[in-house]
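The values are calculated or read from the model by the stated rules, or taken from the named source; none is laboratory data. Remember, predicted model here, so these are calculated numbers, not experimental data. All Cβ positions, glycine included, derive from the backbone under ideal geometry; neighbour counts span all protein chains shown.
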Amino acid sequence: MVRHLGGDALHDTCADKVPNNGFPGFDALVNGKHFDAIQIRAGMLWEIKTDNFDTYSRALQDIVVGKQVPELRRERELARACGFNFRVGVRSATHMAALEELEPTLDVVVMDWC
């Protein structure tokens, strides 16, 4: 575990509040990647997205998910290579639907704690 990389208070707060997060205040450094949260018993690594996605134009939404999906795929593979599952937390159902449309196999949840 290592301190959060960020400097984004909302992002860090959302990551810290992942249910059963094993190390609030820290990232889980796994396979060279700083994951935002870890649920140890569930074997789950998390990536948190705190975009104000619903306020973006449709064009900007498309650009954002077009950049996020390849990176999330890469992060999922890093997690899997170390025996972890991978989940993405987002702030809106619109963001979740857009990610799932491009990559239906992603495990995406709307964070009701954030």
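Matching residues to (1) within 14 Å of the chain's Cα centre (by Cα); (2) among the aromatic types (Phe, Trp, Tyr); (3) within 18 Å of Asp107 (Cβ to Cβ); (4) modelled with pLDDT of 95 or more:
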| site | (1), (2), (3), (4) |
| --- | --- |
| Ala37 | yes, no, yes, yes |
| Leu45 | yes, no, yes, yes |
| Ile48 | yes, no, yes, yes |
| Tyr56 | no, yes, no, yes |
| Leu60 | no, no, no, yes |
| Val65 | yes, no, yes, yes |
| Gln68 | yes, no, yes, yes |
| Glu75 | yes, no, yes, yes |
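Based on this model, can you work out whether Ile48 counts as within 19 Å of Glu100 (Cβ to Cβ), hydrophobic (A, V, I, L, M, F, W, C) and out of contact with any Pro (no Cβ under 9 Å at 6 or more places or on another chain)?
On the way: within 19 Å of Glu100 (Cβ to Cβ): yes; hydrophobic (A, V, I, L, M, F, W, C): yes; out of contact with any Pro (no Cβ under 9 Å at 6 or more places or on another chain): yes.
The answer is yes for Ile48.
Within the stretch 93-105, how many residues turn out to be over 22 Å from Asp8 (Cβ atoms), in contact with a helix residue (DSSP H, G or I) (Cβ under 8 Å, 6 or more places away or on another chain) and not charged (D, E, K, R)?
1
Could you list all residues from the stretch 77-114 that are of a type in the set (D, E, K, R) and either farther than 20 Å from Arg41 by Cβ or modelled with pLDDT under 95 (or both)?
Scanning the stretch 77-114 gives Glu77, Arg91, Glu100, Glu101, Glu103, Asp112.
Only one of Thr105, Thr94 is of a type outside the set (Asp, Glu), in a loop (DSSP other than H, G, I, E, B) and over 13 Å from the mean Cα position of the chain (by Cα). Can you tell me which? Spell out the reasoning first.
On the way: Thr94 fails: in a loop (DSSP other than H, G, I, E, B).
Only one candidate passes the filter, namely Thr105.
Scanning the stretch 72-97 for residues that are farther than 13 Å from Lys49 by Cα, of a type outside the set (D, E, K, R) and out of contact with any strand residue (DSSP E or B) (no Cβ under 7 Å at 6 or more places or on another chain), which turns out surrounded by the fewest Cβ atoms within 10 Å (Cβ to Cβ)?
Filtering the stretch 72-97 for residues that are farther than 13 Å from Lys49 by Cα, of a type outside the set (D, E, K, R) and out of contact with any strand residue (DSSP E or B) (no Cβ under 7 Å at 6 or more places or on another chain), the one surrounded by the fewest Cβ atoms within 10 Å (Cβ to Cβ) comes out as Gly83.
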